[in-house]
Structures are given as C-alpha cells and as structure tokens.
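**Q** There's a structure below that I have some questions on.
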Amino acid sequence: MKLKEIYSDKNSKPVISFEVFPPNGDFENLIHEIKILSDYNPEFISITYSANGKGGKSFELLQKIKALGINVMPHFTCITSSKESIKSALIKIEQAGVKNVLALRGDVPDFEINRSFDFYFANELVQFIKTHTNLSIGVAGYPEGHIESPDLYSDIKNLKKKVAAGADAIFTQLFFDNKKYFDYVDILRNEGINLPVIPGIMPIISKKQITKMTSLAKITVSDIIKEKIEKYKDEPQSLQNFGIDYATKQCIELIEKGVPGLHFFTLNKSYSTSKILDNIKGELWKT
Ligand code: FAD
C-alpha cells in the first residue's frame, strides 16, 4: 500500500512502523531483532540511508526484510548523490516492489561543504522522485524546527516546498514533549498543510544516545529526563525502564488524541519498543 492509503482511514487504530539502520557488521543480530518486532504487525519498516551516498548496504537490508514478508520504506538522502545514481537506485527499488520512500536531504559532510551538488534541498529530491517514479513520498518534519533554521516558521516555509513538490506524509523528528508535536500539527494545519504527520518516538536507552541526538537536532530534554539520566547513570537497566515508561505515557496520549501512526526509532533493538507496544496494546485495541 502507498502512504496515502496507509494513513487514509481516520477511524482505524494508529499505524505502527519501525525504523532501523544498516548495521556495521553482518545482518544476523538485526534480523533477529526484526523478527521479534514483526510480532507487532508493523505496516512497514523504514531503513535509513547514509548521507555519503553509499546506499548499497541499505538495499541489501531492504531485500532481507522483504524476504521476511515485511513491507519496507527506504530512506533516500540526496545531498551528495548525483541525479543518475538516485535515478538508478529508484528504478532498482521500484523493481523490487517498493511503494514508498522517505525523501531527505541528509547532513552535508564537512569535507564536502564547498562541492557543488545535483540536489541542495529535499524538495528537489521530492520533485525528482515524483517526476521519475510512481513511488509515494514521505518527508521529514521538525516539531522544534530544523537545527539549521533560524526559527520554526522558516522551517515550515521550507516544509511547504516539499509538500508542493508532491510529499504524501510527514514523519517527525523525535520529541520528548508531546505539546511540541500537537502545537506543530496545529501550525501546519493553519498553514494549509493537511498531510498526515506521523510522530517519531525514540525510547531513551542511554545517556550517550541522548547526548548524540541533542547535538544533532533541536530536541528539548526536560529537567525530569535530565535528572533520571543522572540518577541512573550507573544503572543502564533502570534508565531503560524509565525510557520505556516515559515513551509509553507519550504514546498513550498521542493515541488518545488521534495520531495517524507511531513511528518508532528502534536503534536496531527490539527490547524497549516491544515493551512499549506491550504496554499500549490495550490503548491500540480500544481505538
Ligand atoms: P530539507 O527539508 O532540505 O531541510 C534542510 C534545511 O534546509 C532546513 O533547515 C530547511 O528549513 C532548509 N531548507 C529546506 N528547503 C529549502 C529551500 N528550498 N531553500 C532554502 N532552505 C531550505 N539523515 C540521514 O542521513 N539518513 C537518514 O536515513 C535519515 N532519516 C531521517 C528520518 C527522519 C524521520 C528525520 C526527521 C530525519 C532523518 N535524517 C536522516 C536526518 C536529515 O537528513 C537531516 O535532518 C538533514 O539535515 C535535513 O534533511 P531534510 O530532508 O529535512 O532537509
């Protein structure tokens, strides 16, 4: 199914999807984790794409996940890729039966900063995919604004360009404060953007993970989260349990307010995501 159809039924329960990334080593552990997650009937699994244009491993992973009978949504970053390489990769994935992609710019690698590129922004990639394929297109949205944007409104102005180019759904950056998501959706609606906005959920697993994420993106981390990270700095299981409880509460409120889906950034581990899904099973069933 294409993204438009997947998120079209307003009365059904939220669509569950997962994100994974191609591992450095072999695929064995990840496939094991994905088999556990497959018990939760994800609509699809999305696969990240390296911004250095080397997507070979992503395609290998895509084939392995498809072989398990699970739909996939590959990500595509364009900043360092040529039009030709993107076009041949798109043909390859369409031939493999893929229906949806997440179109991204990617981060500009420092050593490439002065190069000239075929694509500079994700809206150009969306336009390119729309012109050359029948794929349905997801794009990234940032409830707290993109890190390079001076403010949220400038970023939303640019999001509109991705929507105008043909995006079908918006997948958000992770957030720990649901109000940021709800306010964001309200602003998008006021700005005339009516696409489904799928919240991205990342369970807190470690201090290192949070430090890395907050260095890469604008994400507010509340004092409560900071306190727990400090309190459990030598107790990884306690921190993970806190992360599961926290994300469970986030998901319950999101479901109650009628989100179209929940997209889990699994970090290639099934444990926290599956516990959260066990916790919200009743809520999902109710809707
Ligand atoms: P864009 O939409 O192009 O925006 C980038 C910046 O430029 C923003 O500040 C925007 O406001 C501004 N801008 C956009 N268009 C214009 C324009 N026409 N003119 C002027 N300014 C403009 N990264 C990866 O490398 N691989 C992945 O697989 C990956 N998956 C992701 C999944 C999700 C759900 C999210 C939220 C992010 C993901 N990222 C991934 C990170 C993403 O690549 C970075 O955040 C990147 O810096 C921006 O990508 P974008 O597609 O949002 O870019």
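**Q** Leaving ligands, DNA and RNA out of it, report the carbon-plus-sulfur percent of the accessible area of the range 144-233 at a 1.4 Å probe.
**A** Values: 2340 of 4390 Å².
Carbon and sulfur together cover 53 percent of it.
**Q** For LYS99, give me every one of the lysines with a C-alpha distance below 18 angstrom, ignoring sequence neighbours fewer than eight places off in its own chain.
**A** LYS2, LYS4, LYS64, LYS66, LYS87, LYS130
**Q** Could you calculate the FRET efficiency of ASP177 with ASN24 from 1/(1 + (r/R0)^6), where r is the beta carbon distance between them and R0 is 35 Å, rounded to 0.05?
**A** 0.60
**Q** Hey, another quick one. Report in % the part of the accessible area of the range 1-111 that belongs to carbon and sulfur, leaving out ligands and nucleic acids; probe 1.4 Å.
**A** With neighbouring chains kept in place, the figure for the range 1-111 is 47 percent.
**Q** Given the pairs LYS160/LYS275; LYS57/LYS83; LYS13/LYS233; LYS162/LYS218, which span a C-alpha to C-alpha distance of over 27 angstrom in this model?
**A** LYS160/LYS275; LYS13/LYS233
**Q** Sum -39500 (n - 2.57) across every DSSP H segment of at least 4 residues in the chain, then divide by the residue count to get the 222 nm mean residue ellipticity, nearest 500.
**A** For the chain, the value works out to -14500 deg cm²/dmol.
**Q** Averaged per residue, what accessible surface does the range 66-107 expose to a 1.4 Å probe, in Å²?
**A** I get 41 Å² per residue for the range 66-107.
**Q** Work out the charge dipole of the range 1-121 with +1 on the Cβ of Lys and Arg and -1 on the Cβ of Asp and Glu about the Cα centre, then indicate which of PRO109, LEU61, ILE91 is farthest towards its positive end.
**A** ILE91
**Q** Given a 1.4 Å probe, how much area per residue of the range 158-287 is accessible, in Å²?
**A** Per-residue accessible area for the range 158-287 comes out at 48 Å².
The values are calculated or read from the model by the stated rules, or taken from the named source; none is laboratory data. Since the structure is predicted, the reported quantities are computational estimates derived from the model, not experimental observations. No Cβ is skipped: glycine too gets one built from the backbone with ideal geometry, and neighbour counts run over all protein chains shown. Only protein heavy atoms, including side chains, enter the accessible area calculation; ligands, DNA and RNA are left aside. Shrake-Rupley method; radii C 1.70, N 1.55, O 1.52, S 1.80 Å.
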